[in-house]
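Remarks on the structure that follows.
Taken together, the values in this text are just the output of simple stated rules run on the coordinates, not laboratory data. Just so it is clear, the model here is predicted, and its values are computed rather than measured. No Cβ is skipped: glycine too gets one built from the backbone with ideal geometry, and neighbour counts run over all protein chains shown.
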Amino acid sequence: MTDHAHRFANRVPDTDWAEVTSNPDGHSLAVGHLKDVSEGGLSLDLPVCLQPGAKVQVKLSKLTHGGLLRHFQFKGTVVHAETFGQGCVHGIKFTDMTPAEQTALMDYLCEVEYRTAS
């Protein structure tokens, strides 16, 4: 997530939240705010600092334009953690995405694009 010149990022409002769980056992690690997302990964603000290299699952939840709550879940690896305020900003790189997860990510990115264009 540090190579800003080679990624397509979408800034999202702090109302989009993310739950991070350990992978593969699914223990909840933290709930925080999504900062940006791209085809390769995402950045989020959590109240705890996770170790780079940690394998995680991220569940994104957002309200659609029509008022429906949608959930998207992706596997990834923490590649960056930086202390910020009372928590940490994390860069998480998507890993081992299934075709269904890739489609869900494209759906999410379309939702973000639609919202920012409105």
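What span do the alpha-carbon atoms of the range 45-118 cover on each of the three principal axes, reported in whole Å from largest to smallest?
36, 30, 19 Å, listed from the longest principal axis down.
Extending each Cα 7 Å along its Cβ direction at THR21 and HIS80, get the distance between those two points in nm, one decimal.
2.7
Calculate log10 I(q)/I(0) of the range 28-68 for q = 0.20, 0.35 Å⁻¹, where I(q) comes from the Debye formula with a single equal point scatterer on each Cα and nothing for solvent.
For the requested q values the scattering log ratios are -0.75, -1.37.
Taking amide hydrogens as modeled 1.01 Å from N in the peptide plane, which residues meet the under 5 Å criterion relative to LYS35, leaving out close sequence neighbours?
Correct list: SER43, LEU44, ASP45.
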